[in-house]
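Student: I'd like to ask some things about the structure below.
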Amino acid sequence: MPTLNIQKWISQLQRNFYPDTSFLNPIPNKSALVNNDKVNLQEAGVDPNVLINNDSYPISVSKRDDNPIEIELDLFETENTLVRRPETIEYSYDQMEDVIKGHRDSLRVKTAERAAQAIAPAADTENTPVIPTTGADNGDGLKRLLPADIIKLKRKFDDLDIPFDMRYLVLHPNHVEELMLYDLDIFKDIVNIVNCQPKNFAGFNIMQFT
């Protein structure tokens, strides 16, 4: 007796994986400062001097000049995706909704990649300290990140009086691995590890992004 082959379709779609972009969460929303596709803000000028045991009056007057900063915003767009109505009816899942989600995820990942690059200091300056890694060669011609390197960065942040709740260190997963390989036992003691992700070290809120 002939048999009838039956295909079964489940209403699930296997999607790609996307990197975690939660490192952007602590950044304050500046949408209210946007004007003509640009962010306009001010950098505070020099604070006044403090006089000790002053005996000269009237006290001199100084003017504070705030520095305007204009940041031009990037425009992100996705390519169009064609969705045919007859095909969506035949599918066992909501193709239109999934296509929209794909556009959102693509935008989220690309803007996060751009943000990670844009937020990082362009050079080592007095107000944007950058420290070199000093570990052994990692096989790619780069030096491994050591706990001592982060402690050096802490000293520079201390000199700038940056509040501890505003100190964030976004590491590449390779950096996290290098710290764990340095001495896993010590790393467990000094770092709160949740799902193999460091959360705090040397006063820094540590996050990672690929």
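Student: Counting DSSP beta bridges with both partners in the stretch 147-208, what percentage is antiparallel, nearest 5?
Tutor: Just about 50 percent of them are antiparallel.
Student: Which entries in the list 63/110; 101/156; 101/199; 110/143; 30/188; 101/152 go over 32 Å, if you measure between the two C-alpha atoms of each?
Tutor: 63/110; 101/156; 30/188; 101/152, as the Cα separations exceed 32 Å there.
Student: Related question: In whole angstrom, how far apart do the alpha carbon centroids of the stretch 127-142 and the stretch 168-189 sit?
Tutor: 14 Å
Student: Quick one: compute the contact order of the stretch 125-177, relative version, from alpha carbon pairs under 8 angstrom and 6+ residues apart, as a percent.
Tutor: That works out to 29 percent.
Student: Okay, moving on. Based on a Kirkwood Rh over C-alpha pairs, give the Stokes-Einstein translational diffusion coefficient of the stretch 147-208 at 20 °C and viscosity 1.002 mPa s in µm²/s.
Tutor: 180 µm²/s
Student: For 130, 170, what ranking results if the residue with the fewest other Cβ atoms within 10 Å of its Cβ goes first?
Tutor: In increasing order of surrounding Cβ atoms, one gets 130, 170.
Student: Let me ask you something else. Around residue 126, with a cut-off of 11 angstrom between Cβ atoms, what is the net charge of the other residues, counting Lys and Arg +1 and Asp and Glu -1?
Tutor: Taking every Cβ under 11 Å from that of residue 126, the sum is -1.
Student: Let me ask you something else. What aspartates and glutamates does residue 38 reach when the alpha-carbon gap must be under 16 Å and sequence neighbours fewer than 8 apart in one chain are set aside?
Tutor: 70, 72, 74
Every number in this text was worked out from the coordinates using simple rules, so none of it is lab data. From a predicted model like this one, the values you see are computed outputs, not experimental measurements. Ideal geometry is used to build each Cβ from the backbone, glycine not excepted, and the neighbour counts take in all protein chains shown.
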